């Protein structure tokens, strides 16, 4: 009995048990603490790296926006020689602005088909880096932003109409019912004043530029004119974008060359012009011009006469140094589309389309007054010093002309892709 009692006493004795149990708990707590420290330290490092990477990324993104802005300015400025897209390599001379640490590219990479790319590297704390690849497309700007424009007054009388169409899609606009068929692109502009009268209809915007002294152009309306677009105050519009008055331009030189080198020798119908520099068609007479460049000091079409333009073998261009007068019921270009025929004038003498006359083509006369009398119809583009369209005159802006005449050194940029090349590095 005594042995059994001693065994039971020993088994029931708990002295010393708390110490190992406490040590065990301390060990567990130490392990948990160490784990927490490791996790926290790792999270802090991960967070720090993430923040550093983000700062580098934001720096690279700022670099992309900076380079894009500089490119947009340079490619939209015909006087800029900073970027030459025809060069190889296409060098860039941009420096990182203060307050940033991104690395700007030294050159653009040509991808073909008017596509280009560049890389910008952004920098952040702890030597972090981010690389962004930017790909864009450039396209030449149209020389003419308006179908109807004058440096001076654009005077649109009662019930005259300004429409738009595209001769590529609609070769015969007369087959359509206007204004419902108009495309809404008949933008009209002036650096001085646009005057609209009762029931004038313009299917497009009004561009109000500024004169040579910076005085803004005005829109003066009388009665209830209808303008489907908006009235826009813009910077001064170049009154001579092709350079008829610029001695360094191709057009200026063309006016000199065409005096001695032209196609006046023979008309398209086989009747020799015999070197004549004037067209004077009598009542109901017809003359045909075929592909070529012609030089005339004056063009007069009497009632019902026709100057036919046969552009089946190529475009027809007339370089005019004097006046044009298309009298009642006469017609200029009843065979070809407006994009195939143009009259370029460097003269200040008037170009007049009288009652019920008809014209298809571009008229570029930055020094002259252009006038459309009652019920005259013009299809194409009119660019002059001053313009007057009388009652019920109708002008149809052919958008195809805008697409034909593109700037040689002015571009717009269209974003194609944007890629974070630092991912996975």
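Brief remarks on what is shown
- Sequence of 24, 372, 198 once ranked by neighbouring C-beta atoms within 10 Å, starting from the fewest: 24, 198, 372
- Taking the empirical scaling 2.2 N^0.38 Å for compact globular proteins as reference, the range 148-404 has a Cα radius of gyration ratio of 0.97.
- Centre-to-centre, using Cα atoms only, the range 123-146 and the range 286-338 are separated by 47 Å.
- Using R0 = 41 Å, the C-beta based FRET efficiency linking residue 212 and residue 158 works out to 0.85.
- Within the listed set 67, 316, 378, the residue fluctuating most in the Gaussian network model of the chain (springs between alpha-carbon atoms under 10 angstrom) is 67.
- Peptides 116-124, 240-248 ranked from most to least packed by the mean count of surrounding Cβ atoms within 10 Å: 116-124, 240-248.
- Beta bridges by DSSP in the chain, antiparallel share as percent, to the nearest 5: 25 percent
- Expected 222 nm ellipticity per residue - DSSP helices of 4 or more, -39500 (n - 2.57), all of the chain, to 500: -7000 deg cm²/dmol
- The long axis of helix 18-75 is offset from the longest Cα principal axis of the chain by roughly 10 degrees.
- Taking 7 Å steps out from each Cα toward its Cβ at residue 115 and residue 407 produces label points 2.4 nm apart.
- For the range 313-338, the residues whose amide N sits under 16 Å from a probe point set 7 Å from the Cα of residue 175 along the beta carbon direction are 335-338.
- Packing-based exposure ordering (other Cβ within 10 Å, fewest first) of 199, 148, 213, 320: 213, 199, 320, 148
- Principal-axis tilt of helix 2-12 within the chain, Cα atoms, nearest 10 degrees: 20 degrees
- Extension gain from residue 234 to residue 93, taking 0.36 nm per residue of separation minus the Cα-Cα distance: 47.7 nm
- If the chain linking residue 253 and residue 298 were pulled fully straight, counting 0.36 nm for each residue of separation and taking away their Cα-Cα distance, it would gain 14.2 nm.
- Relative contact order of the chain, pairs being alpha-carbon contacts under 8 Å that are 6 or more residues apart, as %: 15 percent
- Of the residues 383, 219, the one with the fewest other Cβ atoms within 10 Å heads the list, and the complete ranking is 219, 383.
- Model label zone, residue 54; criterion: amide N under 15 Å from point 7 Å along Cα-to-beta-carbon; scope the range 114-148: 124-125
Where a number appears in this text, it was derived from the coordinates with a stated rule and is not lab data. In this text, all values refer to a predicted model and were calculated from it rather than measured experimentally. Here Cβ is always computed from backbone atoms with ideal geometry, including for glycine, and neighbour counts include all displayed protein chains.
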